[in-house]
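**Q** Here it is, the structure in full.
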Amino acid sequence: MRRVVLERQGPPDVMRVVEAAEPEPAGGEVLVRVAVAGVNVVDLFQRSGAYRVALPFTPGMEGAGEVLRTGDGVEGVRPGDRVAWMGPSASYATHCVVAADRLVPVPDGVSDEDAAAVLVHGMTAHMLATDVVPLGGGDTCLVHAAGGGVGGLLCRLASLRGARVIGTASTPAKAKAARESGADEVVDYSGGHFADRVLELTGGRGVDVVYDAVGRDTFAEGLTCLRPRGTFVSYGQTGGPVGAVDLNALGGTLFLTKPSLGRYDPTPELTRRRAAAVLGMVGELRPRVHAAHPLAEAPAAHRAIESREAAGKVLIRPAG
């Protein structure tokens, strides 16, 4: 087998492809042949040193492929099954071992590419639009980074639920992607000063919800876009951490939350339920893939996300 390894943390080029022995699944685990691996921001943090990891390290927490072998005690999964997964799995590889309770079946008619493109991002968007703040007709939401992976799917889900969607984007290409994903209006936020335009679009009322995956660069101004008793949802920090928050900035009438999938779906059963819901909506969600890279181009995959060039999901095809 082949896998991506980093022996030190640093810039994208610390990742290299090596030959390795095919692993054996232990009890409760399965060996899968990886058809497609998803690239996520957490992979970049682990590679760069923002998150500490034990070295040598193979990135990857999401993928889709075929079950090859099962370890002792595994039930309900057998060789030949098409599956997707999320969680620590070293998925930047031709083969990887995954805990059986992390697997979800891929329905007939859903490609491996779509399964890997929609799983983590789609489940995050689903949590945000249905659980954190259940959107419906009459609601207006502001979605930052609406041309990205989670942002685009969140725009689609919000639109499907009847909400009005105002997206933000930093380039014309991402603005186009946001509109195609369901944003009713798109605001350029590349230089800040987006709040005036958002308030103009809402007749001065403000939005019901701000969904923010950027963090430091958009937090303070985003608060001013909310109507009284509106909710600010901070679910990422691609622009840097927000830091200390002055509660007085909430004005006594705003709500602030920082959700995570692990807290909303703390058991394998809940995770599989949401995954099944998202995979069953692939046709409606229409996941956008920015690019699919071979293993040797893992550095390019990371650079596409770091540069904010990617308009959609970035994937790795280990056999490519």
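**Q** When you check Arg52 against the structure, is it touching a strand residue (DSSP E or B) at 6+ places or on another chain (Cβ under 7 Å), of a type in the set (Lys, Arg) and farther than 18 Å from Pro287 by Cα, yes or no?
**A** It is false that Arg52 is touching a strand residue (DSSP E or B) at 6+ places or on another chain (Cβ under 7 Å), of a type in the set (Lys, Arg) and farther than 18 Å from Pro287 by Cα.
**Q** In addition: Those residues that are modelled with pLDDT of 95 or more, among the acidic types (Asp, Glu) and out of contact with any Gly (no Cβ under 9 Å at 6 or more places or on another chain), I need them from region 60-81; list them, please.
**A** Selection gives Asp81 alone.
**Q** Looking only at region 302-320, filter to residues that are in a helix (DSSP H, G or I) and in contact with a Pro (Cβ under 8 Å, 6 or more places away or on another chain); which one of those is surrounded by the most Cβ atoms within 10 Å (Cβ to Cβ)? Show your work before the answer.
**A** Within region 302-320, the first condition is being in a helix (DSSP H, G or I), and the residues that meet it are 302-306.
Subsequent filtering for residues that are in contact with a Pro (Cβ under 8 Å, 6 or more places away or on another chain) retains 302-303, 306.
Details: His302: 24, Arg303: 17, Glu306: 16.
Looking at residues that are in a helix (DSSP H, G or I) and in contact with a Pro (Cβ under 8 Å, 6 or more places away or on another chain), I get His302.
**Q** I'd like the full set of residues that are more than 10 Å from Gly63 (Cβ to Cβ) and not acidic (Asp, Glu), limited to region 21-32.
**A** Pass one, region 21-32, residues more than 10 Å from Gly63 (Cβ to Cβ): 21-31.
Ala21, Pro23, Pro25, Ala26, Gly27, Gly28, Val30, Leu31, listed by residue number.
**Q** Then there is this: For a quick check of your reading: which strands (runs of 3 or more DSSP E) sit entirely within region 1-47 and have at least 3 residues that are touching a His at 6+ places or on another chain (Cβ under 9 Å) and farther than 25 Å from Thr70 by Cα? Give the derivation first.
**A** Numbers: elements: 2-5, 16-19, 29-38.
Answer list for region 1-47: none.
**Q** Gly148 versus (1) under 18 Å from the mean Cα position of the chain (by Cα); (2) modelled with pLDDT of 95 or more: which is the lone unmet condition?
**A** Here Gly148 meets the rest and fails (2).
**Q** Among the residues of region 257-274, is there at least one that is more than 30 Å from Arg102 (Cβ to Cβ), touching a strand residue (DSSP E or B) at 6+ places or on another chain (Cβ under 8 Å) and free of Cβ contacts under 8 Å to residues at least 60 places away in the same chain?
**A** Quick first cut of region 257-274, residues more than 30 Å from Arg102 (Cβ to Cβ) only: none.
Taking every residue of region 257-274 in turn, none turns out to be more than 30 Å from Arg102 (Cβ to Cβ), touching a strand residue (DSSP E or B) at 6+ places or on another chain (Cβ under 8 Å) and free of Cβ contacts under 8 Å to residues at least 60 places away in the same chain.
**Q** Consider region 125-168. How many of its residues are in contact with a strand residue (DSSP E or B) (Cβ under 7 Å, 6 or more places away or on another chain), surrounded by fewer than 24 Cβ atoms within 10 Å (Cβ to Cβ) and part of a helix (DSSP H, G or I)?
**A** 2
**Q** Just checking, how many residues over region 248-269 are surrounded by 14 or more Cβ atoms within 10 Å (Cβ to Cβ) and not in a loop (DSSP other than H, G, I, E, B)? Walk me through it before giving the result.
**A** Start the filter on region 248-269 by keeping residues that are surrounded by 14 or more Cβ atoms within 10 Å (Cβ to Cβ), which leaves 250, 254, 256, 258-259, 261, 264-265, 268.
If we keep only those that are not in a loop (DSSP other than H, G, I, E, B) as well, we get 250, 256, 261, 264, 268.
Matching residues across region 248-269 total 5.
**Q** For region 183-197: of the residues being at pLDDT 95 or above and out of contact with any Asp or Glu (no Cβ under 9 Å at 6 or more places or on another chain), which is surrounded by the fewest Cβ atoms within 10 Å (Cβ to Cβ)?
**A** Asp196
**Q** Right, here's the next one. Would you mind finding the one in Ala277, Ala292 that is in contact (Cβ under 8 Å) with a residue 12 or more places away in the chain and closer than 24 Å to Asp43 by Cα? Break it down stepwise before answering.
**A** Numbers: Ala277 fails: closer than 24 Å to Asp43 by Cα.
After ruling out the rest, the residue left standing is Ala292.
**Q** Residue check: is Leu119 crowded, with 18+ Cβ neighbours inside 10 Å and assigned to a helix (DSSP H, G or I)?
**A** Details: crowded, with 18+ Cβ neighbours inside 10 Å: yes; assigned to a helix (DSSP H, G or I): yes.
When the stated conditions are applied, Leu119 passes them.
**Q** Specify the residue that is farthest from Pro25 (Cα to Cα); the eligible residues are those in region 85-104 that are modelled with pLDDT of 95 or more and not aliphatic (A, V, I, L, M).
**A** My answer is Tyr92.
**Q** From the list Ala84, Ala64, Ala35, exactly one residue is without any contact (Cβ under 8 Å) to a residue 60 or more places away in the chain, under 27 Å from Ala277 (Cα atoms) and in contact with a helix residue (DSSP H, G or I) (Cβ under 6 Å, 6 or more places away or on another chain). Which is it?
**A** Ala64
The values are calculated or read from the model by the stated rules, or taken from the named source; none is laboratory data. None of the values given here were measured: they were computed from a predicted structure. Every residue, glycine among them, receives a Cβ derived from its backbone with ideal geometry; neighbour counts consider all protein chains shown.
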